[in-house]
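Engineer: Got a structure for you, written out below as structure tokens; questions coming shortly.
The values are calculated or read from the model by the stated rules, or taken from the named source; none is laboratory data. Note that the coordinates shown come from a computational prediction; the quantities given were computed from them, not determined experimentally. Counting neighbours? That spans all protein chains shown, and the Cβs are built from the backbone with ideal geometry, glycine included.
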Amino acid sequence: MLARLLRADEPSIYIQVPWEDVADDALPPPPLREGLGTAHLEVRTRVPLAQAYFDQGLRLLHLGWGAEARRAFAEAARQDPELAMAWWGLALTRGPGARFAGPRAEATRRALALSEGSSDLEQRYVVAASLLADKGPANGRQAFVRDMECLVDRYPEDAEARLLLAGFLLDGYETDGRPGQGQPYAQALLRELLRTHPDHAGVHHAWVQAMLHSARPEAALESARRLVQLAPAASPALLAAGRLLQRVGRGDEARRALEAAVVSDDAYLAREALPAPAAPSAEAAMRLLAQGCLEAGQYTEAQSWARRLRHRVEGAGSEPQALVFAALSMVSAHLRFGFCRAAADVPLELQESATLADRALRDGVRHYTRGVSALEAGKLVEAERACDALDALHPPLSEERRSEGRFLCPRDVARVVEVAAHELRGSLEARRGDTGRAEATLTRALRLERRLRAAGPASFSRPARETLARLRLRSDREDRALELALKLVSERPGCGHFRLLEAEVHVALGAWDDAVAGFTAFLDCWRHADAHLPELRRARTFIAGRGRVLRLVRPAELLTAQEADAPAFRALEKVSC
């Protein structure tokens, strides 16, 4: 997808991309591969291998695997040096930013020079791409879209042109849920392509990406399932499918897709004799697998994936940015289940080559986890010092310029640190009994959390909305707590922690039937959870007891006189689920 390749809108674990510093004509030749879909665009060449490698590059371009797409296009150019469309592909896959402006311009120049003897269709492709090379994805946007629209109008049967246009227009969603500038247009193109080309892997991949962050991700559920079948050798496609399946609460299917992405990448690395950083999706898949385990109550398995990720990163050379990203998965695993001291003890040593953003993210994690641990131990003065330390990290980061390439952006780190600072301070104020101030601080954290960019590091603090909902639950504002709980469940229906929160709010409201339904849904989410977790016992006790247990969780003033006089009920009247 052009949007992903040209704008680098995915978070990066490793800074380096395979072969990015290698000239196009020096790239190692790739093998012809199966399992990448069946996209095909007839180009003017007399060399069958050139056509085959061009099609492979086109398939990989649609699936967002830029490094391998570039290799395929380079081999197509090697097989037929007169093939203009091979240089077209090299121009599109060279990478975003000013760093590669020279190689992009050279590839575009070669494509334009060679296209004079090509078909009208190929010339239109090349001219449209040249507008991006000349002006960049932002400034050349309107001209590129206009030329691609002319191409689509002249050749309406060309599905590849419509898909490339849709892939470029995908702008995602703003923090308030409004679609980006080109999002509705791209979705209209993709809906038609889904109807006319139901077996095109690239179409399903683009549709999954289009709907992933929308309010209706379930609209792409079938595309995610089809993608796993149509492109089993393309780990970026498997990663996208797994991410959407996880979002809509299909945990088992998501796990299979994400594990397949890891297996596919490992096989790719072994076959090509490449180091771990060359894998396009394995590390991101491991992070999602750990997250999925947390949502499913699998603490032990989440730690296993987090440790596996850390070992993989350390074996690749201990790049500071990669080490911090890997540590976040382990920290999240401990915090999610309340093991704050274990989270604070996760090692986070970095080399001197670490950037300001790397060190700030590391320090932010350290201060936050120590603050949470102090808060749980009742050491409020230590928790206050942690809040102050987090506050001090934010201003210097905000003043830094945006980073280019795959380096961690200081401003993204600043946002994540600011969210953590407000969440921790709000929890501290709640512990001190200042409910009004805690509510205001956590509301601020909630609003900041919504603005976090997908391209930045994952938030290492507890979900601000969940913390705020529990504060409202404790301060007898159950209706407001329920609003937040229901919103969390709608966004992550497969997260057992959110299901449990919803059930607990229903208990506080006295809505017994809704509470039973909530606990039942929670147990379904945690059907493979670690058996020792106390949340499971609470939910099962509530459901199994029905009338008897429901009486135990009712407020004391609602007990009958007979119940109130009974010693057993007087002892248990404050028991809570």
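Engineer: Which residues, counting only those in segment 163-176, are among the charged types (D, E, K, R) and either within 12 Å of Leu41 (Cβ to Cβ) or buried (at least 23 other Cβ atoms within 10 Å of the Cβ) (or both)? Break it down into steps so the answer makes sense when it comes.
Structural biologist: Filtering segment 163-176 for residues among the charged types (D, E, K, R) gives 171, 174, 176.
None; the set is empty.
Engineer: Next question, about the same structure. When you check Glu192 against the structure, is it charged (D, E, K, R) and within 26 Å of Arg499 (Cα to Cα), yes or no? Don't jump to the end; show me each part of the working.
Structural biologist: Numbers: charged (D, E, K, R): yes; within 26 Å of Arg499 (Cα to Cα): no.
So Glu192 fails the test.
Engineer: From the set of residues in segment 450-468 that are within 21 Å of Asp358 (Cα to Cα) and aliphatic (A, V, I, L, M), which is modelled with the lowest pLDDT? Walk me through it before giving the result.
Structural biologist: If we filter segment 450-468 for residues that are within 21 Å of Asp358 (Cα to Cα), which is where we start, we get 451-462.
When the remaining residues are screened for being aliphatic (A, V, I, L, M), the result is 452, 454-455, 458.
Working: Leu452: 86, Ala454: 76, Ala455: 72, Ala458: 84.
Out of the qualifying residues, it is Ala455.
Engineer: For Arg437, are the conditions met, namely being within 24 Å of the chain's Cα centre (by Cα) and basic (Lys, Arg)?
Structural biologist: The answer is no for Arg437.
Engineer: Find the residue count for segment 418-434, including only residues that are closer than 21 Å to Phe337 by Cα and under 24 Å from the mean Cα position of the chain (by Cα).
Structural biologist: 6
Engineer: Something else now. If we scan segment 138-148, do we find a residue that is among the basic types (Lys, Arg), over 30 Å from Asp80 (Cβ atoms), part of a loop (DSSP other than H, G, I, E, B) and out of contact with any strand residue (DSSP E or B) (no Cβ under 9 Å at 6 or more places or on another chain)?
Structural biologist: Taking every residue of segment 138-148 in turn, none turns out to be among the basic types (Lys, Arg), over 30 Å from Asp80 (Cβ atoms), part of a loop (DSSP other than H, G, I, E, B) and out of contact with any strand residue (DSSP E or B) (no Cβ under 9 Å at 6 or more places or on another chain).
Engineer: Confirm whether Arg499 is touching a helix residue (DSSP H, G or I) at 6+ places or on another chain (Cβ under 6 Å) and basic (Lys, Arg).
Structural biologist: It is true that Arg499 is touching a helix residue (DSSP H, G or I) at 6+ places or on another chain (Cβ under 6 Å) and basic (Lys, Arg).
Engineer: List the pairs whose first member sits in segment 385-403 and is modelled with pLDDT of 95 or more, whose second member is surrounded by fewer than 16 Cβ atoms within 10 Å (Cβ to Cβ), and whose Cβ atoms are under 8 Å apart, counting only residues at least 6 apart or on separate chains?
Structural biologist: From residues that are modelled with pLDDT of 95 or more, there are no pairs.
Yes or no, residue by residue, for (1) under 20 Å from the mean Cα position of the chain (by Cα); (2) within 13 Å of Leu63 (Cβ to Cβ); (3) of a type outside the set (Asp, Glu); (4) at pLDDT 95 or above:
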{"residue": "Arg195", "(1), (2), (3), (4)": "no, no, yes, yes"}
{"residue": "His204", "(1), (2), (3), (4)": "yes, yes, yes, yes"}
{"residue": "Leu212", "(1), (2), (3), (4)": "yes, no, yes, no"}
{"residue": "Leu227", "(1), (2), (3), (4)": "yes, yes, yes, yes"}
{"residue": "Ala240", "(1), (2), (3), (4)": "yes, yes, yes, yes"}
{"residue": "Arg243", "(1), (2), (3), (4)": "yes, no, yes, yes"}
{"residue": "Arg247", "(1), (2), (3), (4)": "yes, no, yes, yes"}
{"residue": "Arg255", "(1), (2), (3), (4)": "yes, no, yes, yes"}
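Engineer: Which of the following residues is modelled with pLDDT of 90 or more and closer than 19 Å to Arg492 by Cα: Arg447, Arg431?
Structural biologist: After ruling out the rest, the residue left standing is Arg447.
Engineer: Among the residues of segment 115-142, how many are of a type in the set (Gly, Ala, Ser), at pLDDT 90 or above and surrounded by fewer than 19 Cβ atoms within 10 Å (Cβ to Cβ)?
Structural biologist: Of the residues in segment 115-142, 1 are of a type in the set (Gly, Ala, Ser), at pLDDT 90 or above and surrounded by fewer than 19 Cβ atoms within 10 Å (Cβ to Cβ).
Engineer: Only one of (1) touching an Asp or Glu at 6+ places or on another chain (Cβ under 6 Å); (2) within 21 Å of Leu269 (Cβ to Cβ); (3) among the aliphatic types (A, V, I, L, M) is not met by Val22, so which one is it?
Structural biologist: So Val22 meets the others, but not (1).
Engineer: Out of segment 43-62, which residues are farther than 18 Å from Ala91 by Cβ and modelled with pLDDT of 95 or more?
Structural biologist: The answer is Val47, Pro48, Leu49, Gln51, Ala52.
Engineer: I want to confirm something. Restricting to segment 11-39 and keeping residues that are surrounded by fewer than 16 Cβ atoms within 10 Å (Cβ to Cβ) and among the charged types (D, E, K, R), which single residue is nearest to Ala278 (Cα to Cα)?
Structural biologist: Asp21
Engineer: For segment 426-449, what are the residues that are out of contact with any Lys or Arg (no Cβ under 9 Å at 6 or more places or on another chain), touching a residue at least 24 places away in the same chain (Cβ under 8 Å) and in a helix (DSSP H, G or I)?
Structural biologist: Of everything in segment 426-449, those that are out of contact with any Lys or Arg (no Cβ under 9 Å at 6 or more places or on another chain), touching a residue at least 24 places away in the same chain (Cβ under 8 Å) and in a helix (DSSP H, G or I) turn out to be Leu428, Arg431, Thr443.
Engineer: Taking into account only those residues within segment 491-517 that are of a type in the set (Gly, Ala, Ser) and more than 20 Å from Pro463 (Cα to Cα), which is surrounded by the most Cβ atoms within 10 Å (Cβ to Cβ)? Reasoning before the result, please.
Structural biologist: Just the residues of segment 491-517 that are of a type in the set (Gly, Ala, Ser), to begin with: 494, 496, 503, 508, 510-511, 515, 517.
If we keep only those that are more than 20 Å from Pro463 (Cα to Cα) as well, we get 508, 510-511, 515, 517.
On the way: Ala508: 22, Gly510: 14, Ala511: 16, Ala515: 24, Ala517: 16.
Among residues in segment 491-517 that are of a type in the set (Gly, Ala, Ser) and more than 20 Å from Pro463 (Cα to Cα), the one surrounded by the most Cβ atoms within 10 Å (Cβ to Cβ) is Ala515.
Engineer: With the condition kept exactly as written, say whether any residue in segment 40-51 is assigned by TED's automatic domain parsing to the domain that holds Gln123, among the basic types (Lys, Arg) and surrounded by 22 or more Cβ atoms within 10 Å (Cβ to Cβ).
Structural biologist: no
Engineer: If we only count helices (runs of 4 or more DSSP H) wholly inside segment 11-106, which ones have 1 or more residues that are in contact with a His (Cβ under 6 Å, 6 or more places away or on another chain)?
Structural biologist: In segment 11-106, 48-62 are the helices (runs of 4 or more DSSP H) which contain 1 or more residues that are in contact with a His (Cβ under 6 Å, 6 or more places away or on another chain).
Engineer: For Gln229, state whether it is out of contact with any Leu (no Cβ under 6 Å at 6 or more places or on another chain), among the polar types (S, T, N, Q) and closer than 25 Å to Leu309 by Cβ.
Structural biologist: So Gln229 does not fit the description; no.
Engineer: Find the residue count for segment 179-216, including only residues that are under 21 Å from Asp55 (Cα atoms), surrounded by fewer than 19 Cβ atoms within 10 Å (Cβ to Cβ) and among the aliphatic types (A, V, I, L, M).
Structural biologist: The total comes to 1.
Engineer: Would you pick out the residues in segment 214-225 that are modelled with pLDDT of 95 or more and of a type in the set (Ser, Thr, Tyr)?
Structural biologist: Scanning segment 214-225 gives a single hit, Ser223.
Engineer: Among residues belonging to segment 87-107 that are of a type in the set (Gly, Ala, Ser) and modelled with pLDDT under 80, point out the one that is nearest to Glu75 (Cα to Cα).
Structural biologist: Only one residue tops the list, namely Gly95.
Engineer: Follow-up question, since we're still on this one. From Ser459, Ser490, grab the single residue that is among the polar types (S, T, N, Q) and more than 26 Å from Leu390 (Cβ to Cβ).
Structural biologist: Sole residue among the options that is among the polar types (S, T, N, Q) and more than 26 Å from Leu390 (Cβ to Cβ): Ser490.
Engineer: Output the residues belonging to segment 195-222 that are assigned to a helix (DSSP H, G or I), over 21 Å from Trp65 (Cα atoms) and among the aliphatic types (A, V, I, L, M). Please lay out each step first, then the result.
Structural biologist: Just the residues of segment 195-222 that are assigned to a helix (DSSP H, G or I), to begin with: 195-196, 201-211, 217-222.
Within this subset, residues satisfying the condition of being over 21 Å from Trp65 (Cα atoms) are 195-196, 217-219, 221-222.
The answer is Ala219, Leu221.
One line per residue, one yes/no per condition, for (1) at positive phi; (2) surrounded by 15 or more Cβ atoms within 10 Å (Cβ to Cβ):
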| residue | (1), (2) |
| --- | --- |
| Val381 | no, no |
| Ser398 | no, no |
| Leu408 | no, yes |
| Arg411 | no, yes |
| Glu429 | no, yes |
| Gly433 | yes, no |
| Thr441 | no, yes |
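Engineer: Something else: Residues in segment 312-332: is at least one within 21 Å of Phe522 (Cα to Cα) and either in a helix (DSSP H, G or I) or assigned by TED's automatic domain parsing to the domain that holds Gly494 (or both)?
Structural biologist: Kept after step one, since they are within 21 Å of Phe522 (Cα to Cα), are these residues of segment 312-332: 332.
Filter once more, keeping what is either in a helix (DSSP H, G or I) or assigned by TED's automatic domain parsing to the domain that holds Gly494 (or both): 332.
Looking through segment 312-332, at least one residue is within 21 Å of Phe522 (Cα to Cα) and either in a helix (DSSP H, G or I) or assigned by TED's automatic domain parsing to the domain that holds Gly494 (or both).
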